[in-house]
1. Take peptides 188-196, 138-146, 168-176 and line them up by average Cβ neighbours within 10 Å, highest first, as a rough protection proxy.
2. Rounded, prolate or oblate: which fits the range 94-186 when a ≥ b ≥ c are the square roots of the eigenvalues of the alpha-carbon gyration tensor, with rounded for a/c under 1.5 and prolate only if a/b beats b/c?
3. In nm, give the distance between the simple-model label positions of A105 and A183, each being 7 Å from the Cα along the Cα-to-Cβ direction.
4. Counting helices only, and only those DSSP H runs with n ≥ 4, report the 222 nm mean residue ellipticity of the chain as the sum of -39,500 (n - 2.57) divided by its residues, in deg cm²/dmol to the nearest 500.
5. If a/c stays under 1.5 just call it rounded; otherwise compare a/b with b/c (prolate if a/b is bigger, oblate if not). Do that for the chain, with a ≥ b ≥ c from the square roots of the Cα gyration tensor eigenvalues.
6. Starting from the Cα of R173, step 7 Å toward the Cβ, then list every residue of the range 186-228 with an amide N under 19 Å from that point.
7. Under a point spin-label approximation (7 Å from Cα along Cα-to-Cβ), what is the A66-W146 distance to one decimal in nm?
8. Could you give the length gained on full extension between R240 and V56, defined as 0.36 nm per residue of separation minus the Cα-Cα distance, in nm?
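Values in this text are rule-based calculations from the coordinates and carry no lab data. Everything numeric here is computed off the predicted structure, so don't read it as measured data. Cβ: placed from backbone, ideal geometry, glycine included. Neighbour counts: every protein chain shown.
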Amino acid sequence: MLYIGIPVYNEAPTIGVVLWQIRAAFQAFAREYEIVVYDDASTDATADVLRPYTDVLPLTVRRGDAHLGYGRALEAVCRTVTQRSRHARRDALITMQGDFTDPPAQLPELIKRFEGGADVVVVERPAAQLAGLPPEVRRLRRVAPWVLRRFGRVAGIADPFGSFRLYRISVLREALKRLEPDAALITHTGWTANVEILRRAAGVARRIETIELPQRYDLRPRPSRVRPFADALSLYRYGRSTRGEERLAAARVARS
């Protein structure tokens, strides 16, 4: 089973189309799949848009009572899927955004690498794409690698900040087992949340692969939610908190 996990907040204009594009991708690339959407207490019509899709798609929608932020929403998706999976070694979770940034047409590229034996598949963004990004994203992408260059990095991963990833369920379960009781898998939000879960997964994964694919910021109807200064500060604080941890140089990374 392939689970597609999508945390959303006020994505009424796009989430329905994204779901239909996921359906189209799996019609052309036949695999058993289920979509899990976590609605982080949206205040627009996101819940109304999602409701009819539960009748025509293999879709589960969870909704939070209060807005908790991207990191907590992503954790809710991970925990829902790891509890639901019945074949942890054969199942995988693909995380993505519900605003067109991560094109569903690219899903087969991640799945092929999983079927080839990868435990984690990381989508990295082409360096040449920097000029076409929204100003806020461009600023953060320039400073983020510098912030993490001394700590918080994952060996072999040049771009640990994106949301478009595949995780084998057994890897996520092992990462959860290593936590203290009642501890959170993800304690930060934004790009830092993506770095944090990747480092936890890398610590238990046997094989990590990367793939270079472009994002589509040009299709998203709303402004970017990236806050360059606040997000860079969050990355710095997270990086500082990881000092002294065992480096992840032992993780085998196959670049494709």
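1. Descending mean neighbour count gives 188-196, 168-176, 138-146.
2. oblate
3. For the pair A105/A183, the computed spacing is 4.3 nm.
4. -11000 deg cm²/dmol
5. The shape class here is rounded.
6. Only 200-207 pass the distance filter.
7. Going by the 7 Å Cα→Cβ label model, 3.7 nm.
8. Computed gain between R240 and V56 is 61.6 nm.
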